[in-house]
Amino acid sequence: MSGLLKSSIGRKFAMALSALFLMVFLLQHFAINILSVFSPDAFNEASHFMGTFWAVQYLLQPVLIFGVIFHFAMGFVLEIKNNSARTVKYAKNNGGANSTWMSRNMIYSGLFILIFLIIHMIDFWVHEMNVKYVAGDMSGLIDPSNVESGFRYFEELQEKFVPIWRVALYCLGFVFLALHLLHGFNSAFQSVGANNKYTKGLKTFSKIYAIGLPLGFIIIALFHHFNHH
Amino acid sequence: MNLTLKIWRQKNASDKGKMVDYKISDVSPDMSFLEMLDVLNTQLIESGDEPVAFDHDCREGICGMCSLYINGEAHGPDRGVTTCQLHMRKFKDGDTIYIEPFRAKAFPVIKDLVVDRSAFDRIQHAGGFISVNTSGNTQDANAIPINKENADKAFDAATCIGCGACVATCKNSSAMLYVSAKVSQFALLPQGQVEATDRVLNMVKQMDDEGFGNCTNTGACEVECPKGISLENIARMNTEFLKASLKG
């Protein structure tokens, strides 16, 4: 078992499992965000539940943070190790002849996603932590002293997407996420040994997921930018 | 055809090495790539220069001895062939052709285009075999029933000639396609089951110890492999390794 964790294949498994976990999280994140397009009330209710339910806050959130940090850290460690496996580079290398741009540049799409993620965390997560755990306001209300003021989540979301620069940055972040997923989704299944009669269908599904999910996030950002009152 | 060749020249393992330009004329499109290099070497010898060292043996795409990274691709621009099966008709008059050795820390250059691929031999020694009792009562292999699909897949995996194109073309210099072919050819057959656990653990450990990189599933190895070894073998090796690790 200890050999598994130290081996190249063990590292592959770990990368794949953390990626699969993050892809499930992305789907859950999207499911809540898309509510904001159809029903502000439903979005507020779901956000309040996720933001105050103990199991989400104290169990799932730490696991998610660990998963994100692990995936990025392991990605960089593997990149450094892989670069050191070829000390003299080719004078001419035609990588495009046998592999996709996405598969060869996961480190760059990942790096841009990391930058986007840091901005995203500052925009939403840090603010949430301040309100809930520093200021101690777990009410989720616009005015904590007034129950009639309603939940603050939808209003804060719309406010964030007013500046065009932030919308553009988010859209670019999702484009890089799509590029990352176009290789990463299918690659994760290959890494855990799933290359069989279902591979063809899985490849089709991975393309739908890799393009559809980031596109959905882009639509949400644009929707709130153009529908802000 | 008249061509410009940019060839990696390196006197020995410790030499720094550099790309050197050569002009070659009257190349027939029907020549093989290695025959073209033979002509170049004849010219070099006649002019008193050192000929270009390159690996070759059977020149039939079977032995896995020839290598060469040609115009940025392992075994050149053709598919499903080794360098010795590549023909000059794949190039045009006036072309500039880059010819480099297979590059990987685990494949050090010995001289010019010749690299040391003995890392593959050591991986094979670590577990790429089955132990057969030949004391006189050995069971006839043909008497052991084998599922047709598995027999075909095992045969396909066994066609790997160990040329190292997978390592050369992989951006990470990963040897996983090679090792997975050697693991799969036994893992799919009943004769390979007895040593299955030790085989995959030992071969993967040796692969890691040799300094090959980690596979990131770009699929370049499968495309450039002259024998069309499938990525399915890597997925199988991953599963075999996980099972063996949990068991061991």
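So for segment B:215-228 (the condition being surrounded by fewer than 20 Cβ atoms within 10 Å (Cβ to Cβ), touching a residue at least 60 places away in the same chain (Cβ under 8 Å), outside any loop (DSSP other than H, G, I, E, B) and within 10 Å of another protein chain (Cβ to nearest Cβ)), does at least one residue qualify? Looking for residues that are surrounded by fewer than 20 Cβ atoms within 10 Å (Cβ to Cβ), touching a residue at least 60 places away in the same chain (Cβ under 8 Å), outside any loop (DSSP other than H, G, I, E, B) and within 10 Å of another protein chain (Cβ to nearest Cβ), one finds at least one in segment B:215-228, hence yes.
Could you tell me whether B:Met65 is under 23 Å from the mean Cα position of the chain (by Cα), among the aliphatic types (A, V, I, L, M) and in a loop (DSSP other than H, G, I, E, B)?
Yes.
Considering (1) closer than 15 Å to B:Ala74 by Cβ; (2) without any contact (Cβ under 8 Å) to a residue 12 or more places away in the chain, say which one B:Gly136 fails and leave the rest. Failed condition: (1).
Answer yes if at least one residue in segment B:121-138 is surrounded by fewer than 23 Cβ atoms within 10 Å (Cβ to Cβ) and in contact with a strand residue (DSSP E or B) (Cβ under 9 Å, 6 or more places away or on another chain), and no otherwise.
Scanning segment B:121-138 turns up no residue that is surrounded by fewer than 23 Cβ atoms within 10 Å (Cβ to Cβ) and in contact with a strand residue (DSSP E or B) (Cβ under 9 Å, 6 or more places away or on another chain).
Taken together, B:Gly211, B:Gly162 contain a single residue that is part of a loop (DSSP other than H, G, I, E, B), facing another protein chain (nearest Cβ under 10 Å) and in contact (Cβ under 8 Å) with a residue 24 or more places away in the chain, which is B:Gly211. Within segment B:188-208, the set of residues being part of a helix (DSSP H, G or I), surrounded by 23 or more Cβ atoms within 10 Å (Cβ to Cβ) and in contact with a Lys or Arg (Cβ under 7 Å, 6 or more places away or on another chain) comprises just one member, B:Met203. Entry remark, segment B:74-107: residues being surrounded by fewer than 18 Cβ atoms within 10 Å (Cβ to Cβ), facing chain A (nearest Cβ under 10 Å) and in a loop (DSSP other than H, G, I, E, B) number 3 in total. Taking residues in segment A:37-54 that are over 16 Å from A:Glu159 (Cα atoms), and partners anywhere that are part of a loop (DSSP other than H, G, I, E, B), the pairs with Cβ atoms closer than 7 Å and at least 6 places apart or on different chains are A:His48/A:Gly140; A:Gly51/A:Gly140; A:Thr52/A:Met138; A:Thr52/A:Gly140.
Out of all the residues in segment A:7-24, is one or more within 14 Å of chain B (Cβ to nearest Cβ), among the aromatic types (Phe, Trp, Tyr), in contact (Cβ under 8 Å) with a residue 60 or more places away in the chain and assigned to a helix (DSSP H, G or I)? Yes - at least one qualifying residue is present in segment A:7-24. For segment B:1-28, the set of residues classified as in contact (Cβ under 8 Å) with a residue 24 or more places away in the chain, touching a Ser or Thr at 6+ places or on another chain (Cβ under 9 Å) and farther than 17 Å from B:Ile70 by Cβ consists of B:Asn2 only.
All conditions in (1) without any contact (Cβ under 8 Å) to a residue 60 or more places away in the chain; (2) assigned to a helix (DSSP H, G or I) hold for A:Thr87, with the sole exception of (2). Only residues that are crowded, with 17+ Cβ neighbours inside 10 Å and either touching a residue at least 60 places away in the same chain (Cβ under 8 Å) or more than 9 Å from chain B (Cβ to nearest Cβ) (or both) were counted across segment A:90-104, and they come to 2.
Read the figures in this text as sums done on the coordinates, not as results from a lab. Remember, predicted model here, so these are calculated numbers, not experimental data. In this analysis, Cβ positions are derived from the backbone assuming ideal geometry, glycine residues included, and neighbour counts consider all displayed protein chains.
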